[in-house]
Amino acid sequence: MALFGFLSRFLPPFSGFVLACVLAIVLQIFIFSPISPDLLHLPQPSSLASLPTNTHLQGVGKVGEGVVKDPEDVLVDENGVLHTATRDGWIKRLHRDGSWENWTMLNSQTLLGITATRRGGIIVCDAEKGLIWVDEDGHPKVLLSHVNGSELRFADDVIEALDGSLYFSVASTKFSLHNWYLDVLEAKPHGQLLKFNPSSSQTSIVLDDLCFANGVALSRDEDFLIVCETWKFRCLRHWLKGEEAGKTEIFIDNLPGGPDNINLAPDGSFWIALLQVTSEGWEFVHTSKAAKHLIATYPSMIKKVNGAYRKASVLHVGADGKIIKKLDDPDGKVNSFVTSAFEFEGHLYLGSLNANFIGKLPLI
Ligand SMILES: *[C@@H]1O[C@H](CO)[C@@H](O)[C@H](O)[C@H]1NC(C)=O
Ligand SMILES: *[C@@H]1O[C@H](CO)[C@@H](O)[C@H](O)[C@H]1NC(C)=O
Ligand SMILES: [Ca+2]
């Protein structure tokens, strides 16, 4: 306020009042800002210049339109039954004969990644409750709700290894699903990759300090696993077997979007859904701490900066980390906010946080 007094001596009385208001607003933003940000490095514009934007994803068929609400993740089990967890708390299934089943209600608005389990049924990540097993009869049981005495929050994706271990991501230990974009704005590594051993009930940290740990997939031989770091625009490979066991390296980086879920394809390659992290024209926000504080304080501004609702892309990547192809809906005409891509019998099934259907695309 000394500054205010000093400045007001040089200004007419009324502008002193205006200045006080401006100062009050600035103070309000910095004091009440929910984030303590670092700068974010967006991918180089050169990323994937060799793979031009296309409109392939606009050709999807809409499966179950109106039946599913924001199905974040999709899986098809070995019997050909498609499963998805919806934003209104259902696990819904699509049978081979084309009929939908409202299988089981989990009473949760925070269901994310799902995976099939050898014990029968599926395991689902609930960003509020932890890891939930839904058995073959549709009965839910919480498998893991606490880690080291703290509630497990923001479990994002999970995969089961042959030995029964569950590898799963915690997107952020600071922010919740509801305000995930604050994690992007803060741009600090609050994510983890954890391993849960159901026979000993032990949970251990595989990788810490990840930048929004998201999709998790195992390779076909389970010699490595991949974890996606959404706003680092990269995926890491962590070796489980062989000479490199225990080591972690970059699998693919400088992606033209933030990697969300990743799924193993039948031939050993991977499908990665890419989020548009920033809407066009708002990139500057990520390079200014003041702009980050301002945006983070006003939810309506966050909606403008978040580009996820504007387009969709999925990437096909070989087991060697080399890009095979990219499929886009560049203006979000049919698909946006696509969060997962699962290949089954020559088709790609797409989950999204902005759809009331599962996208289905024949692969040529
Ligand atoms: C499943 O639930 C939806 C609403 O979520 C409802 O419209 C539909 O009729 C239900 N289907 C069956 C087979 O019960
Ligand atoms: C649990 O706490 C111990 C002691 O602080 C730590 O070494 C370990 O990594 C923690 N485990 C997890 C899964 O957070
Ligand atoms: Ca996810």
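Where in the range 139-210 are there strands (runs of 3 or more DSSP E), lying wholly inside it, with at least 3 residues that are buried (at least 21 other Cβ atoms within 10 Å of the Cβ)?
Numbers: elements: 140-144, 155-160, 166-170, 191-197, 202-210.
The strands (runs of 3 or more DSSP E) meeting that bar are 155-160, 166-170, 191-197.
Among all positions in the range 175-188, there is at least one residue which is over 14 Å from the mean Cα position of the chain (by Cα), closer than 20 Å to LEU274 by Cβ and modelled with pLDDT of 95 or more.
Residues in the range 38-73 that are under 17 Å from SER313 (Cα atoms), within 16 Å of ligand 1 (Cβ to nearest atom) and surrounded by fewer than 19 Cβ atoms within 10 Å (Cβ to Cβ): 1 in all.
Taking the conditions (1) of a type outside the set (S, T, N, Q); (2) within 19 Å of PRO37 (Cα to Cα); (3) in contact with a Phe, Trp or Tyr (Cβ under 6 Å, 6 or more places away or on another chain) in turn, LYS289 satisfies each one other than (3).
Number of residues in the range 133-186 that are small (Gly, Ala, Ser) and more than 16 Å from ligand 3 (Cβ to nearest atom) equals 7. Strands (runs of 3 or more DSSP E) fully within the range 74-135 that include at least 2 residues being without any contact (Cβ under 8 Å) to a residue 24 or more places away in the chain, surrounded by fewer than 21 Cβ atoms within 10 Å (Cβ to Cβ) and more than 16 Å from ligand 2 (Cβ to nearest atom): 100-105. Evaluated against (1) more than 29 Å from SER36 (Cβ to Cβ); (2) of a type outside the set (Val, Ile, Thr); (3) touching a Ser or Thr at 6+ places or on another chain (Cβ under 9 Å), GLY258 falls short on exactly one condition, (1).
Of the set (1) closer than 19 Å to LEU255 by Cβ; (2) free of Cβ contacts under 8 Å to residues at least 60 places away in the same chain, all apply to ILE364 but (1).
Inspection of the range 203-210 identifies no residue that is in contact with a helix residue (DSSP H, G or I) (Cβ under 7 Å, 6 or more places away or on another chain), free of Cβ contacts under 8 Å to residues at least 60 places away in the same chain and within 15 Å of ligand 2 (Cβ to nearest atom). Selection of the range 292-324 for residues being out of contact with any Leu (no Cβ under 7 Å at 6 or more places or on another chain) and either among the hydroxyl-bearing types (Ser, Thr, Tyr) or surrounded by fewer than 15 Cβ atoms within 10 Å (Cβ to Cβ) (or both) yields THR297, TYR298, PRO299, SER300, LYS303, LYS304, TYR309, GLY318, ASP320, LYS322, ILE324.
Can you find, within the range 346-364, the residue that is surrounded by the most Cβ atoms within 10 Å (Cβ to Cβ) among those that are under 21 Å from the mean Cα position of the chain (by Cα) and assigned to a strand (DSSP E or B)? Spell out how you get there, then give the answer.
First, pick out the residues of the range 346-364 that are under 21 Å from the mean Cα position of the chain (by Cα): 348-360.
Next cut, assigned to a strand (DSSP E or B) only: 348-352, 358-360.
On the way: LEU348: 23, TYR349: 24, LEU350: 27, GLY351: 30, SER352: 24, ILE358: 25, GLY359: 27, LYS360: 18.
This residue is GLY351.
The values are calculated or read from the model by the stated rules, or taken from the named source; none is laboratory data. Bear in mind that the values here come from a model prediction, so they are computed numbers and not experimental data. Using ideal geometry, Cβ is built from the backbone for each residue, glycine included, and neighbour counts are taken over all protein chains shown.
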